[in-house]
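A.B. asks: Handing you a structure now.
The values are calculated or read from the model by the stated rules, or taken from the named source; none is laboratory data. Predicted model only: the values in this text are computed from it and were never measured. Cβ placement follows ideal geometry from the backbone for every residue including glycine, while neighbour counts extend to all protein chains displayed.
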Amino acid sequence: MDKRNHHYIPQTYLKQWEDSTNLIWLYNFREHTVSHRNKKSIFSEDYLYSITIREIQLLPPEQREVFVDPLKEYHVFLDNNELIPQQMVENLFRYNDFIIRKEDGSVIKQKHKAALLDDILNRKNSIIEDKYGELVEDSWNEVVDFFEKFRSMLLDDNLILPEENKTNEYVNRLLEFILSIYTRNPYNIARSMERVKKKDNVEIDNNTARVVFEKMQLLYLKGERKLFDVDKYDIHLFFTTKEHIFITTDNPAIIIGIKIENLEFTGVLWFPISPNVFSSLSFKKQQNFRNISCHLVAGETAKLLNEIAIENAEECFICSEKIENIDFRYVQN
């Protein structure tokens, strides 16, 4: 993946919605267009998780040297003194005065020096990337398989719950995934900024918003802030057949209290896991016992859950198959 192109919806998550050609049907409900896309080409932004000079104060001292990783294979001088990595970071504001030499002692060309600076200023935050890799990329398929087994057993009328410890492990991994998706999505920080603007009647510039976005992620990833106490919630799983599939969107973690008719709980967080599994959280009914309920749903409930997902989306939803009889104009990639 291009170091500049950062996905805020992981490709391992989108993979669940690929069709037999390994492509996804992408519907833009604002433009009323539909396209058949590769998961690599959607839901990403350039430099989204890059560290920038203005955000260096968010990192502890031992982690700030990630800024100057591109310089570590060279000898860097300032005022005739060779700099160690910590000094490079402290003096980045004088980068134009740096003399950068190769191992053979020759000074690099100005074009090369400019390219190194671009790399320095837009490095991907390794803390964020490593944690997301652990929570998102490495374990998500296993989590999906676990809940898909629930679905298979329910369809076969042979639902056997695994041991409580095993179930809690996968529920917690699901919740960690949902929260990581929520905290890495720029739409959510943008919406938070809008709420602050309206509440306090203040203007927030893009630089400030970006710093807040980075800081929120770092606090979450270091365990200093949590969006939820996961032990306070029951989990509800909605299963559907291939005739009535679920969609997902460009902002799939839905945080809103919704009461669905004929269900005895109010969901406070909703999240599509796959085209056949949709999850929801509600506050525990019993303090010391986490309940997992499974619901096999038909077309109307699947449609309702899809509508909830679209209401939370920014502008796009995706489907694992082409939707017939829908007024969307097809556009070539």
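A.B. asks: Is it the case that F77 is surrounded by 14 or more Cβ atoms within 10 Å (Cβ to Cβ), at pLDDT 85 or above and within 30 Å of the chain's Cα centre (by Cα)? Outline the logic, then answer.
C.D. replies: Values: surrounded by 14 or more Cβ atoms within 10 Å (Cβ to Cβ): yes; at pLDDT 85 or above: yes; within 30 Å of the chain's Cα centre (by Cα): no.
No: the conditions fail for F77.
A.B. asks: Could I ask something else about it? Just give me the residues in segment 259-282 being under 18 Å from K232 (Cβ atoms), without any contact (Cβ under 8 Å) to a residue 24 or more places away in the chain and assigned to a loop (DSSP other than H, G, I, E, B), in sequence order.
C.D. replies: Correct list: E264 only.
A.B. asks: I would also like to ask the following. Does N251 satisfy the condition of being part of a helix (DSSP H, G or I) and out of contact with any Lys or Arg (no Cβ under 6 Å at 6 or more places or on another chain)? First the steps, then the outcome.
C.D. replies: Numbers: part of a helix (DSSP H, G or I): no; out of contact with any Lys or Arg (no Cβ under 6 Å at 6 or more places or on another chain): yes.
Judged against the criteria, N251 is not a match.
A.B. asks: When you go through (1) surrounded by 17 or more Cβ atoms within 10 Å (Cβ to Cβ); (2) modelled with pLDDT under 90 one by one for S126, which number turns out not to apply?
C.D. replies: (1)
A.B. asks: Also: Specify the residue that is surrounded by the fewest Cβ atoms within 10 Å (Cβ to Cβ); the eligible residues are those in segment 1-33 that are farther than 14 Å from A313 by Cβ and modelled with pLDDT under 90.
C.D. replies: Among residues in segment 1-33 that are farther than 14 Å from A313 by Cβ and modelled with pLDDT under 90, the one surrounded by the fewest Cβ atoms within 10 Å (Cβ to Cβ) is D2.
A.B. asks: For segment 80-166, which fully contained helices (runs of 4 or more DSSP H) count at least 3 residues that are within 31 Å of the chain's Cα centre (by Cα), of a type outside the set (A, V, I, L, M, F, W, C) and more than 26 Å from R184 (Cβ to Cβ)? I'd like the intermediate steps shown before the answer.
C.D. replies: Details: elements: 85-90, 110-121, 126-132, 140-155.
Those helices (runs of 4 or more DSSP H) span 140-155.
A.B. asks: Here are some residues: K149, K111. Which one is at pLDDT 85 or above and closer than 23 Å to H295 by Cβ?
C.D. replies: Testing whether each residue is at pLDDT 85 or above and closer than 23 Å to H295 by Cβ leaves just K149.
A.B. asks: Among the residues of segment 217-268, what is the count of those that are modelled with pLDDT of 85 or more and within 22 Å of H7 (Cα to Cα)?
C.D. replies: Result for segment 217-268: 10.
A.B. asks: Pick from F289, F265: which is of a type in the set (A, V, I, L, M, F, W, C) and surrounded by 12 or more Cβ atoms within 10 Å (Cβ to Cβ)?
C.D. replies: Matching residue, one of F289, F265: F265.
A.B. asks: Picking from E307, E214, which residue would you name as being of a type in the set (D, E) and modelled with pLDDT of 85 or more? Walk me through it before giving the result.
C.D. replies: On the way: E214 fails: modelled with pLDDT of 85 or more.
Testing whether each residue is of a type in the set (D, E) and modelled with pLDDT of 85 or more leaves just E307.
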